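The structure under discussion appears below in the form of structure tokens.
Taken together, the values in this text are just the output of simple stated rules run on the coordinates, not laboratory data. Being a predicted model, the structure only gives us computed values, none of them experimental. Backbone-built Cβ (ideal geometry, glycine too); neighbour counts: all protein chains shown.
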Amino acid sequence: MITSILIVFLSKLFDCSFSVLKNVFLIKNRYFLSSLCASASVVFFIYTAQQTGLVAYIAIFFATFLGNYLPPLFVNNLEKDKVFTYDIESDTLERGKEYADKLRELNVAVATVKGYNKNLQPVLRITAYSSSKLISKIIESNIPKEFEKSIYENLNIKE
């Protein structure tokens, strides 16, 4: 009995996982992988759909949850790091210089421009470039709360 419940659980887990991966690959324009996942999902679905009983339904419930929750986390960890650009405006010129120097000490690529806020007080506009999750964490964890920020994802658009 335990073996049959385990088989039902794994079958439904694979069904949901392949179904989610199908959608992920479809969105990423990887049609062949999307089609393979859709086909595998159907095979596991047909087996699971034939199962009955309370224990089978409970196993299907938990497998469905895990099958929809885990694949996006898995794919997200496999993706290359995204490149972000941070546009940051300091509240004062001096604090902006301190922050930009701190980022430079941490080996973050930074460009600065002196500007003025809406009260015509001098401020520093800082553009910080992140090429990894680690650098993004460094930039974000050091931004003072008084600073204004905008974050942009740099996209590589295929034509």
Which is farthest toward the positive dipole end of the chain among THR3, VAL20, VAL55, measuring Cα position about the Cα centre, with Cβ charges +1 (Lys, Arg) and -1 (Asp, Glu)?
THR3
Which entries of LYS28/LYS114; LYS12/LYS133; LYS28/LYS137; LYS28/LYS145 show an alpha-carbon separation above 28 angstrom in the structure shown?
LYS28/LYS114; LYS12/LYS133; LYS28/LYS145
Principal-axis tilt of helix 54-78 within the chain, Cα atoms, nearest 10 degrees
30
Could you list which residues have their amide H under 5 Å from that of ALA109, counting only those 5 or more apart in sequence or on another chain, with H placed in the peptide plane?
TYR129
Mean separation of Cα contacts under 8 Å, 6 or more apart, over the residue count of the chain: relative contact order %
23
Crossing angle, helix 31-49 versus the chain [Cα axis fit, 0-90 degrees, rounded to tens]:
40
Going by alpha carbons, how many degrees (0 to 90, nearest 10) lie between the helix axis of 133-142 and the longest principal axis of the chain?
50
As a footprinting exposure proxy, order TYR99, TYR31 by other Cβ within 10 Å, with the fewest listed first.
TYR31, TYR99
Between segment 7-56 and segment 64-139, the Cα center-to-center distance that results, in Å:
38
Taking the Cα centre of segment 83-154 as origin, sum charge times position over the Cβ atoms of Lys and Arg (+1) and Asp and Glu (-1), and report the length of that vector in debye to the nearest 20.
60
What ³J(HN,Hα) values, in whole Hz, does the Karplus curve 6.51 cos²θ - 1.76 cosθ + 1.60 give for segment 119-131 when θ = phi - 60°, with x put for Gly and Pro?
8, 6, 8, x, 9, 10, 9, 10, 10, 10, 10, 10, 10
Search the structure for amide H atoms under 5 Å from the amide H of ASN117, placed 1.01 Å from N in the peptide plane, and list their residues when 5 or more places away or on another chain.
VAL123
Per-residue ³J(HN,Hα) for segment 3-14, Karplus 6.51 cos²θ - 1.76 cosθ + 1.60, θ = phi - 60°, Hz, x for Gly and Pro
5, 5, 5, 4, 5, 5, 4, 5, 4, 5, 4, 5
